[in-house]
Amino acid sequence: MFELVFLGTSASAPSIQRGLSSAIVMFNEYRFMIDCGEGSQRQILRSGLGFRRLDRILLTHGHLDHILGLGGLASTLGRWEALEELHIYGGASALARVHALMDVVFGPGQMPRVGISLNLLEPGIIFEDSHFSVTAFPVQHRGEGCFGFLFSEKERRPFLADRAEALGIPNGPVRRELAQGRTATLPDGRTIDPEEVLGEAQKGASLCFIGDVSHTGPLHKIAAGADLLAIEATYLEEDRDLAKNHGHITAHAAARLARNAGVKQLALHHVSRRYPAQDIVTEARAVFPDTVVANDFDLFRVTKDKPVSVANLRQR
């Protein structure tokens, strides 16, 4: 299961209700922060998530409303939270800005000494373990080096308990070995192959996160079948020309992408202060009914077999 928490959902400038762009994706013990707008570290504290294991930051692009919070966060993590490593991933222009920001915070040439590494993003898998992967893919916005991220659980083969019962396989370590795909020997000497007790491979959950984007283009192929698509909705269709001029899309365009990609649910973020949230969701739902406008501190739980659930960490 993936968990997505929005820390900031406003476009360009904060509002009373919304902070600047930032989110955290969690899977088991892993945490990935996506963007770090001004004030993000306070949003982390208000959410109750804390700073523990916050060692990977993925940048969609290098505009200031998406990176300006990195200076304060890095200082806090390095000086108060005893962080050993902080890995920041981004395009070349984004990393150049981050490098300059870190020189201001720590002094020129001091960044490696506090355990911060800057990692150039290229399209493809940027993190992987036995359960899931994170893939970066290019998007169009303004300038080079803009990315979205796809979080994908790996396929798994379910353990068929009824078949194990029929074969007389006892509960315990033997079943665990078989569930993990390893051949096991029973107490009576029989050897059981995993193929005898594992079902067909089942696709895992997937979460597609896109920040600022000017053209949806081929993104429907990348987001195809995602359980949750999170994407900007900075403008409404009535201001489509403004959206085009500033390198953004409308709520209508985001919903059209969700429909064409066949996703389960759409979460809109990076919304302008000029529109009521209800106007945004109304426009999008006319095209794709399973749409919500994300609020700061909204928690989305993404699983394969259940509808995406939404709660708000500040309302608990």
- Would the range 89-96 turn up any residue that is surrounded by 12 or more Cβ atoms within 10 Å (Cβ to Cβ) and assigned to a strand (DSSP E or B)? yes
- Message: Checking T191 against (1) within 14 Å of A253 (Cβ to Cβ); (2) of a type in the set (S, T, Y); (3) surrounded by fewer than 19 Cβ atoms within 10 Å (Cβ to Cβ): exactly one of these is not met. Which one?
- Response: (1)
- Query: Which residues, taken from the range 255-304, are under 24 Å from S12 (Cβ atoms) and among the β-branched types (V, I, T)?
  - Reply: V271, I280, V281, T282, T291, V292, V293
- Please work out if A255 is part of a loop (DSSP other than H, G, I, E, B) and in contact with a helix residue (DSSP H, G or I) (Cβ under 7 Å, 6 or more places away or on another chain). no
- Message: Of everything in the range 24-48, what is within 21 Å of D129 (Cβ to Cβ) and not charged (D, E, K, R)? Give them in sequence order.
- Response: I24, V25, M26, F27, N28, Y30, F32, M33, I34
- Inspect all residues belonging to the range 98-113 and state whether any of them is out of contact with any Phe, Trp or Tyr (no Cβ under 9 Å at 6 or more places or on another chain), outside any loop (DSSP other than H, G, I, E, B), under 18 Å from A136 (Cβ atoms) and of a type outside the set (G, A, S). yes
- Could you say whether any residue in the range 287-296 is closer than 22 Å to A23 by Cα and of a type in the set (F, W, Y)? no
- Within the bounds of the range 266-279, is there any residue that is of a type in the set (D, E), outside any helix (DSSP H, G or I) and surrounded by fewer than 24 Cβ atoms within 10 Å (Cβ to Cβ)? no
- By residue number, the members of the range 153-169 that are assigned to a loop (DSSP other than H, G, I, E, B) and either surrounded by 12 or more Cβ atoms within 10 Å (Cβ to Cβ) or aliphatic (A, V, I, L, M) (or both) are K154, R157, P158, L160, L167, I169
- Message: Against the definition (out of contact with any His (no Cβ under 6 Å at 6 or more places or on another chain), of a type outside the set (V, I, T) and modelled with pLDDT of 85 or more), how does F149 come out, yes or no?
- Response: yes
- Are there any pairs, at least 6 apart or on different chains, whose C-beta atoms fall under 6 Å, with the first in the range 281-304 and in the same structural domain as A255 (by TED's automatic domain parsing) and the second of a type in the set (K, R) and at pLDDT below 95, and if so, which? F297/R314
- In the set D239, D212, D290, D279, which member is modelled with pLDDT of 95 or more and under 17 Å from the mean Cα position of the chain (by Cα)? D212
- Note on the structure: By residue number, the members of the range 234-265 that are small (G, A, S), surrounded by 21 or more Cβ atoms within 10 Å (Cβ to Cβ) and under 19 Å from G143 (Cα atoms) are A243
- Within the range 6-63, count every residue that is in a loop (DSSP other than H, G, I, E, B) and either closer than 24 Å to A100 by Cβ or among the aliphatic types (A, V, I, L, M) (or both). 19
- Message: When you check S133 against the structure, is it closer than 30 Å to R175 by Cβ, surrounded by 15 or more Cβ atoms within 10 Å (Cβ to Cβ) and free of Cβ contacts under 8 Å to residues at least 24 places away in the same chain, yes or no?
- Response: yes
- Among residues of the range 31-47 being out of contact with any helix residue (DSSP H, G or I) (no Cβ under 6 Å at 6 or more places or on another chain) and touching a residue at least 40 places away in the same chain (Cβ under 8 Å), the residue farthest from E85 (Cα to Cα) is R46
- Query: Looking only at the range 186-207, which residues are free of Cβ contacts under 8 Å to residues at least 12 places away in the same chain and either part of a helix (DSSP H, G or I) or touching a helix residue (DSSP H, G or I) at 6+ places or on another chain (Cβ under 8 Å) (or both)?
  - Reply: E195
- Query: Within the range 116-136, is there a residue that is of a type in the set (F, W, Y) and either under 30 Å from K154 (Cβ atoms) or modelled with pLDDT of 90 or more (or both)?
  - Reply: yes
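The values are calculated or read from the model by the stated rules, or taken from the named source; none is laboratory data. What you are looking at is a predicted structure, and each value in this text was computed from that prediction instead of being measured. Quick reminder, even Gly has a Cβ in these numbers, built from the backbone with ideal geometry, and neighbours come from all protein chains shown.
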